[in-house]
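A.B. asks: Attaching a single structure in structure tokens format; questions to follow.
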């Protein structure tokens, strides 16, 4: 039995990972679970999977979890808290595979620790590579760790590239659903409500990643992630809007051939692929019915209506700490939008302002990217809190 640790066990990817583990029978077991504040669901997961170690946000959550486990007459595993607890989960003794599914910059250090320890990291937390791709890939090279993508688009690229030589590939093509605003006017998009932005036409995801899909920043972040996963320059990575979300990504070869990975929109496929690689196993995901597809459409992204795509490409080309600034400003802006403190159209404006004010700095280590991340969060927060021009004091 191979043991796994899950960073973000109560989120969508974490829950689906546990479903995959159950579907694969006794091939995989659970060593450790890293959750946030959802101690109730974590208690259910402990009862079902019996990890030896878990982590939660803080001591208050830990106390509530202990009381719940006592009420269920369950032995409590070791319980860590905060970022240190997540790092303990990432390096839990005996765990061969770490599922990195913590949303945002919080997953940076645990992912690094797992790679440092030589674990296979099945990565759904794209921010770890966006913020510190050079550092992460260096750590993997030093320790011999495997870095496999769980994001459906990058997982699709990984499948398309099996057996292909680097020099045979002309470009990578990431597909995007287009989100809920694909056909909206720029004016309507700018004033969209959180409820409208969260109404994704294809995927059911957490709030933050759903808003990123609505702005297309999610696709911009994926371009940066693909640069590090597959060692490709910005000009070798393209985006196509594909509303049906059937073709999850494509690779164009130097001879003009296109290799595509198609499948139903179900994260369990990518998760199982990352767990069992290089083998494939029968699973619970239904195969794609080609006769029921109808038409498959592809469009170039409209960067006028969705400027976050251009901002992400610009940050990748600038390099250094600029992707960290881009990501942090986006996280703060998205949180403010969900809280009703800014308009949807303010999200790219705030990101652009942070990138312009910071400029690229050298990536000398984790401290440098974390400092850039902290600076961008502070800068963007102050921009949100500042009164609009012309307002009376």
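The values are calculated or read from the model by the stated rules, or taken from the named source; none is laboratory data. Nothing here was measured: the structure is a model prediction, and the numbers come from that model. Quick reminder, even Gly has a Cβ in these numbers, built from the backbone with ideal geometry, and neighbours come from all protein chains shown.
A.B. asks: Considering every residue within region 47-54, establish whether at least one is in a helix (DSSP H, G or I), more than 17 Å from residue 370 (Cα to Cα), out of contact with any strand residue (DSSP E or B) (no Cβ under 8 Å at 6 or more places or on another chain) and not assigned by TED's automatic domain parsing to the domain that holds residue 226.
C.D. replies: yes
A.B. asks: Okay, next question. Is it the case that residue 172 is surrounded by 21 or more Cβ atoms within 10 Å (Cβ to Cβ), within 23 Å of residue 315 (Cα to Cα), touching a helix residue (DSSP H, G or I) at 6+ places or on another chain (Cβ under 7 Å) and outside the structural domain of residue 36 (by TED's automatic domain parsing)?
C.D. replies: Yes.
A.B. asks: Out of 306, 299, which single residue is within 21 Å of the chain's Cα centre (by Cα), in contact (Cβ under 8 Å) with a residue 12 or more places away in the chain and more than 20 Å from residue 125 (Cα to Cα)?
C.D. replies: 306
A.B. asks: If you take the residues in region 181-202 that are in contact with a helix residue (DSSP H, G or I) (Cβ under 7 Å, 6 or more places away or on another chain) and touching a residue at least 60 places away in the same chain (Cβ under 8 Å), which one is surrounded by the fewest Cβ atoms within 10 Å (Cβ to Cβ)?
C.D. replies: Residue satisfying both the conditions and the ranking: 194.
A.B. asks: To continue, here is another question. Can you tell me which of 128, 105, 101 is in contact (Cβ under 8 Å) with a residue 60 or more places away in the chain and either outside the structural domain of residue 27 (by TED's automatic domain parsing) or closer than 30 Å to residue 252 by Cα (or both)?
C.D. replies: The unique qualifying residue is 101.
A.B. asks: Could you check residue 73 against (1) touching a helix residue (DSSP H, G or I) at 6+ places or on another chain (Cβ under 9 Å); (2) surrounded by fewer than 22 Cβ atoms within 10 Å (Cβ to Cβ); (3) more than 23 Å from residue 205 (Cβ to Cβ) and say which number it fails?
C.D. replies: Of everything listed in (1) touching a helix residue (DSSP H, G or I) at 6+ places or on another chain (Cβ under 9 Å); (2) surrounded by fewer than 22 Cβ atoms within 10 Å (Cβ to Cβ); (3) more than 23 Å from residue 205 (Cβ to Cβ), residue 73 misses just condition (1).
A.B. asks: Taking the options 33, 42, name whichever one is surrounded by 22 or more Cβ atoms within 10 Å (Cβ to Cβ) and assigned to a strand (DSSP E or B).
C.D. replies: None of the other options fit; the residue is 33.
A.B. asks: If you don't mind, there's one more thing I want to ask. Does residue 163 count as in a loop (DSSP other than H, G, I, E, B) and crowded, with 20+ Cβ neighbours inside 10 Å?
C.D. replies: no
A.B. asks: Continuing with the same structure: Taking region 124-151 as the region of interest, how many residues are crowded, with 24+ Cβ neighbours inside 10 Å and under 16 Å from residue 268 (Cβ atoms)?
C.D. replies: 4
A.B. asks: Quick one: in region 270-296, which of the residues that are in contact (Cβ under 8 Å) with a residue 40 or more places away in the chain and part of a helix (DSSP H, G or I) is nearest to residue 97 (Cα to Cα)?
C.D. replies: Applying the filter and picking the extreme gives 275.
A.B. asks: Output the residues belonging to region 229-252 that are assigned to a loop (DSSP other than H, G, I, E, B) and touching a residue at least 24 places away in the same chain (Cβ under 8 Å).
C.D. replies: 231, 232, 242, 243, 244, 245, 246
A.B. asks: Which residues, counting only those in region 119-132, are out of contact with any strand residue (DSSP E or B) (no Cβ under 8 Å at 6 or more places or on another chain), part of a helix (DSSP H, G or I) and under 25 Å from residue 16 (Cβ atoms)?
C.D. replies: Answer for region 119-132, where residues must be out of contact with any strand residue (DSSP E or B) (no Cβ under 8 Å at 6 or more places or on another chain), part of a helix (DSSP H, G or I) and under 25 Å from residue 16 (Cβ atoms): 127, 130, 131.
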